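In what follows, a single structure is set out as structure tokens and then discussed.
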Amino acid sequence: MERTLAISIPENDKYYDIYINNESVESLYKELLVRTKNRRRVIVFSEKVYKLYSKNLPFPKNEIFILKDGEEQKNLKNYIRLIEKLIHNRMTRKDVLIAIGGGVVGDLSGYAAATYMRGINFIQVPTTLLSMVDSSVGGKTAIDMPSAKNILGSFYQPECVYINLNFLKTLCERQYMSGIGEVLKYAFIEGNCCNNEPKSLFEFLSINSSRILSRDLYFLEKLVTICLLYKINVVRADEKEAGLRKVLNLGHTLGHALETLTKYKKYTHGEAVIWGLTLIFNWALKNCYIDTVYYKAAMDLISLYGFKNIREKIKTDKLIELMLLDKKADSGVIKLIIPNGARVVTEKELKNVYEFKAWLSDQIG
Ligand code: GLY
């Protein structure tokens, strides 16, 4: 099983390949050595991935930087530590930073690559489902501050992306399901992501849930490919999130706020996104943006994958404050990505924040 997807971004004349396969991790190592021959390397590893795969990926010790796992590690302190490592290893613009891990490793390494010497080469090797289907592709890089998620960042595309599906076999269940959360999001925005391909993710997920939940690699290859084809279409049209790319944030404005308010520790990104998404679906139903048939189909898909309702007592004032800091917000106006029945989502200004706040307190209270 081997596939190469190409992403081209006309806006900045950028082109790169995404290699998807389930060959051995040793062959990935060889491929990385060939690709980076005659360049200096720093490899940022997720701690868990390093423990499991350091024998299969035996890079010299002085090239390795290990990042502990967890969203709370995507912070300024670790960013500075990594920059110091790049300086210590005398990395120059022609050299290459490789990120091997999930979204935290990819986002933080990407931000370091984007800012060190105003930009050095960067390769993404995503090892979680979430980073394979979403964060490793499209060039979003960022770190969090205690008061806001992804608030320091840039758009910086990698040189290429290597997706080895074998990493999914050892991914813990909670992180796997976090990736499924992001996959479900794609099912609700697919009307916006297709060029000519038939819209099929919703159906694919409905029919094949047991194969996907049991991590059958044949189905996972198809799943990752569909999600990435959607993402490629969106990023190609709008790299800098001026319009269309905002649809990829369905459920994220609320989800990010939940992650921030619970100090990036209590919920995975996917859990927070499903929470945000469900609230948005409830809001969309209440405002007649969707009908009950579509609402029920969406909620059934979410429960088919075993997501339970999160009951978290959080102050709606705080949530609203964070929603105003969201990158889609616009000088004090909250903008929400809203699904509609035709499976095409739209961006709507939240005209009456007071009404939304009262409704939200009712929902989460
Ligand atoms: N993860 C959302 C995006 O790449 O735009």
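Each reported figure results from applying straightforward, stated rules to the coordinates on display, with no laboratory input. None of the values given here were measured: they were computed from a predicted structure. FYI the Cβ positions are ideal-geometry reconstructions off the backbone, even for glycines, and counts take in every protein chain you see.
Applied to segment 175-192, the Karplus parametrisation 6.51 cos²θ - 1.76 cosθ + 1.60 on θ = phi - 60° returns per-residue 3J(HN,Hα) values of 6, 4, 5, 4, x, 4, x, 6, 4, 4, 3, 4, 5, 8, 10, 4, x, 8 Hz, with x for Gly and Pro. Remark: for residue pairs LYS68/LYS246; LYS185/LYS348; LYS51/LYS94; LYS140/LYS335; LYS231/LYS315; LYS68/LYS149, the C-alpha separation exceeds 22 Å in LYS68/LYS246; LYS51/LYS94; LYS231/LYS315.
Along segment 248-262 the Karplus relation, 6.51 cos²θ - 1.76 cosθ + 1.60 evaluated at θ = phi - 60°, assigns HN-Hα couplings of 5, 9, 3, x, 7, 4, 6, x, 4, 5, 4, 4, 5, 5, 9 Hz to successive residues, with x for each Gly and Pro. Extending 7 Å from Cα along the Cβ direction at LYS30 and again at ASP291 yields two label points whose distance is 5.7 nm. Computed across segment 80-188, the Kirkwood radius stands at 14.4 Å (inverse of mean 1/r, all Cα pairs).
Which values of log₁₀ I(q)/I(0), to two decimal places, follow from the Debye formula for segment 14-117 at q = 0.17, 0.18 Å⁻¹ with a uniform point scatterer at every Cα? Ignoring solvent entirely, the Cα scatterers give -0.81, -0.92.
Ranked by the mean number of other Cβ atoms within 10 Å per residue, highest first, peptides 22-28, 349-355 order as 22-28, 349-355. Taking every alpha-carbon pair under 8 Å whose residues sit at least 6 apart, the chain reaches a relative contact order of 14 percent. Can you tell which of GLY276, VAL293, LEU250 lies farthest toward the positive end of the dipole of segment 249-365, using +1 and -1 charges on the Cβ of basic and acidic side chains (Lys, Arg; Asp, Glu)? Toward the positive end, the furthest listed residue is GLY276. Taking the number of Cβ atoms within 10 Å of each Cβ as an exposure proxy, the fewest-first ranking of CYS227, CYS194 is CYS194, CYS227.
Computed 3J(HN,Hα) for segment 108-119, one whole-Hz value per residue from the Karplus formula 6.51 cos²θ - 1.76 cosθ + 1.60 where θ = phi - 60°, is 5, 5, x, 5, 5, 4, 5, 9, 5, 6, 6, x, glycine and proline marked x. A viscosity of 0.692 mPa s and a temperature of 37 °C, combined with the Kirkwood radius over Cα pairs in Stokes-Einstein, give a translational diffusion coefficient for segment 265-338 of 237 µm²/s.
Each eigenvalue of the Cα gyration tensor of segment 11-69, multiplied by 5 and square-rooted, gives one semi-axis; in descending order these are 22, 15, 14 Å.
Extents of segment 160-263, largest first, come to 41, 37, 30 Å (Cα atoms, principal axes, whole angstrom).
Near LYS140, the amide H atoms lying under 5 Å from its own belong to TYR156; only residues 5 or more places off or on other chains count, and H is placed 1.01 Å from N.
What you get for the chain, charging only the Cβ of Lys and Arg (+1) and of Asp and Glu (-1), is a dipole of about 960 debye around the Cα centre. For the chain, taking the reciprocal of the average inverse distance between every pair of different Cα atoms yields a Kirkwood hydrodynamic radius of 20.8 Å.
In the distance distribution for segment 109-170, Cα-Cα pairs more than 16 Å apart total 48 percent. Going by neighbour counts of Cβ atoms within 10 Å, the residues ASP13, ASP300 line up, fewest first, as ASP13, ASP300. Amide H to amide H, with H built 1.01 Å from N, ILE123 comes under 5 Å of LEU97, ILE98, ALA99, GLU159, counting only residues 5 or more places away or on other chains.
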